[in-house]
Each structure stands twice: as C-alpha cells, then as structure tokens.
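Down below is the structure, laid out as structure tokens.
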Amino acid sequence: MKLDRKVILKALETITIAGEGKNMVESGAIANVITFGDEVVVDLLLHTPAMHIKKRAEDDIRKAILELVSAEAKIKINSKVEVPDKPEIKGKAIPGIKNIIGVASGKGGVGKSTVTANLAVSLAKMGFSVGILDADIYGPSMPIMFDVENEKPISINVDGKSKMKPVESYEVKMLSIGFFTSPSQAVIWRGPMASKALNQMIFDADWGELDFMLIDLPPGTGDIHLSIVQSLPITGVVIVSTPQAVALADAKKGVSMFMSEAINVPVLGIIENMAYFTPEELPENKYYIFGKEGAKDLAADLEVPFLGEVPIVQSIREAGDYGRPAAMQTGSVIESVFQEITRNVVQEVVNRNENLPATEAVKITTMAGCSSVKK
C-alpha cells in the first residue's frame, strides 16, 4: 500500500490549531509531509512551548491519518517548537461580524456587565443580530444574567472544521469562560493562559452573521485588554462609570488607555450608571447618592460623547439575578432608559464608521509600551 501525500494533507486540514482559527496546513504548523510506502513522516512546527498543546497536536495528527487516510499507516512525527521573539498579531476581523464594541470600566463594581447585558437585549429588540463575548475571565457574569448557567456550548462542524456554537438566550449569542467552569470554581490563571482561552472563544467559535459583538471587558487596564486589541479590530469602546470621584479617576485611566497613540481605539462615549435614586412613592424626586453628573462632566472634560445615565432601580438588580435583563420589561422606565442609551451607541458607531478609518491592529514592541501597525 502506498500513501498519497495530497490525501494526507487534505486530512490534516481538518485539524484546527487551538486559539488561532486556522487549520494545521494553512497556519504553517505542518512544515513537511514525506511518504514511504505505508509510512508517513510529518514535520510539525509549533509556536508555543506548552507540552499539552504539543501532545494534543500529535494525537490529532495520528487520529486524522488513521481515520481519514489509512488505518494501517505507520506514522512518525518530528515536532519542533519555535517561539517568536515578538508576539504575532492577528488583528483580523471575524468573518460575518460588522461591529465589535468593547464595554469597559476602570473600576470593578460599577455595573459594566449589567449595562452590557441590557445593551445587548436592547439591540436585539431593535432588530439587530447581537453576540456577547464575556472577556471578564476572572469574574464571568453573563451566564447568570441570561439564565444559562447550566448550558454548555456544543461542538459543530463548519466547512470540515470543529467549532464551538455559542449559547443563545433572548436572541443574543454568547460565549463565556463561565460555561466551562463550575459556579464555585475560581479561575486561577496567569495572563498568557487567560489570553489563550479568550482567543479560542473568539476564533474557534461559529458566531455566524452579527451586526454587533459586545465584549464585556474586565475592570482595569491589563493583559486581557491588550490581547483583545491585538487580536481584533475593535470598532470602538464604551466606558461605564458611576458618578463618584473614586470611580471617575479609574474611568479616566481607561479612556486614556484606549485613546493613547499606542492603542488608538475610538471611545464611543461614557455611560453613567447608578446616576440617581428615585423612590417609587416620590417619582419626581432624584437623590444623587454617589454624586451628581460626575460621568457627564468627565465626558465633557475628555471631549467624548455622553451616552446617557442609568438610575438606581431595584428591578435592574433583580432582573440580573433572575437572568432576564431589565431592558426586556416592556413599557417600563428602564426599557426607555436603555433604548435611549442604545440608540446613542448605535449613532456613535455610525458616526465613527463614516468619519474614521478602520481600527488598526496593535503590536507590542517593547515591555514599555505598544505601537500601532497597519493590517
């Protein structure tokens, strides 16, 4: 029996490199294939030193050849690891996704995830196709907020490649690390491992056609944020803050990061959450518990759009806990609040796309900072 090199390469095209969204042949991981009768030698070139990645790749190669080419093939794999001096940038769009919006905050606890969930369902109610990538690796909230804690993404075959199918709830597609861990399990990962998991949820998933992908970013300005701007051409970011000075100080840092010359991702605007409290029995009264119009003033100071304010309402918290975002409450004040904010976000996206060029990928050049490179 003589093995056919072309048939073997075709079989290896069914194997996807974890976190890259490319098959082994397309990515260059298969450096060479040589056949001698019923023997095949595969030269495998990897760019990560992780042993489990190497073992999985070798196992996948053996399985593909034995199942798709010949069960009697004798297989030898020569593996080589070459770690690039500089991180490879992707900066490529996900096919079918028109706009990618990051939702960020400088400080935790300001309601960023709640705002993200309600923006998503408001967009869906307006007729847009929407997805959420829960990039808050260490504190994923979306499975709870959409009542899908017990759901698991399934694996589907797309053009001969295995892809994750996002979980769908209230016409919003989503992926979260929360789907892959138990509710009581802490995610104790260093930055590179978290970034790798994030890339898999981005590029190894079948998102389909989306008008908007919302990315729920973790608080602060760290590894995950850099991974996102390196991996994807972000249309723009929305900053969420509460009105008090301590939150505004961190929100200002978040805006500064995205607006810096190195990152250069457009800031679509600022949303003020927990802006005021109105008792149900005194609907005309407003109590500014955390200060008045702090985020609105910050937006004016930074010369970025103010997208709106969300009041403190008990039903917003209850709806999040019950897994049904408050913006779905037809005829309610909260529905109107999020409709207005969402319309403002959409308008800013339209303005951004009409007046600014596509966002450039970001390449880390030194330990001290970043530089922008054209795709």
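The values are calculated or read from the model by the stated rules, or taken from the named source; none is laboratory data. Remember, predicted model here, so these are calculated numbers, not experimental data. All Cβ positions, even for glycine, are placed from backbone atoms using ideal geometry, and neighbour counts span all protein chains on display. The accessibility values were calculated without ligands, DNA or RNA, using every heavy atom of the protein model including side chains. Shrake-Rupley method; radii C 1.70, N 1.55, O 1.52, S 1.80 Å.
Go through the residues of region 138-154 one by one and say whether even a single one is among the aliphatic types (A, V, I, L, M), within 24 Å of Ser27 (Cβ to Cβ) and open to solvent by 30 Å² or more (accessible area, probe 1.4 Å). The answer is no, given that none of the residues of region 138-154 is among the aliphatic types (A, V, I, L, M), within 24 Å of Ser27 (Cβ to Cβ) and open to solvent by 30 Å² or more (accessible area, probe 1.4 Å). Looking for something at positive phi, touching a Ser or Thr at 6+ places or on another chain (Cβ under 9 Å) and crowded, with 17+ Cβ neighbours inside 10 Å - is there at least one such residue anywhere in region 274-286? Taking every residue of region 274-286 in turn, at least one turns out to be at positive phi, touching a Ser or Thr at 6+ places or on another chain (Cβ under 9 Å) and crowded, with 17+ Cβ neighbours inside 10 Å. All conditions in (1) at pLDDT 90 or above; (2) open to solvent by 10 Å² or more (accessible area, probe 1.4 Å) hold for Leu119, with the sole exception of (2). Of the residues that sit in region 300-312 and are touching a helix residue (DSSP H, G or I) at 6+ places or on another chain (Cβ under 6 Å) and open to solvent by 30 Å² or more (accessible area, probe 1.4 Å), which one is farthest from Gln244 (Cα to Cα)? Per the criteria, the residue is Pro305.
When you check Val255 against the structure, is it touching a Leu at 6+ places or on another chain (Cβ under 7 Å) and either in a loop (DSSP other than H, G, I, E, B) or among the aliphatic types (A, V, I, L, M) (or both), yes or no? Yes; evaluated as a whole, the condition is true for this residue.
With respect to the conditions (1) modelled with pLDDT under 70; (2) open to solvent by less than 50 Å² (accessible area, probe 1.4 Å), Pro192 lacks only one, and its number is (2). Scanning region 209-252 for residues that are part of a loop (DSSP other than H, G, I, E, B), at pLDDT 80 or above and within 15 Å of the chain's Cα centre (by Cα) yields Leu217, Ile234, Thr235.
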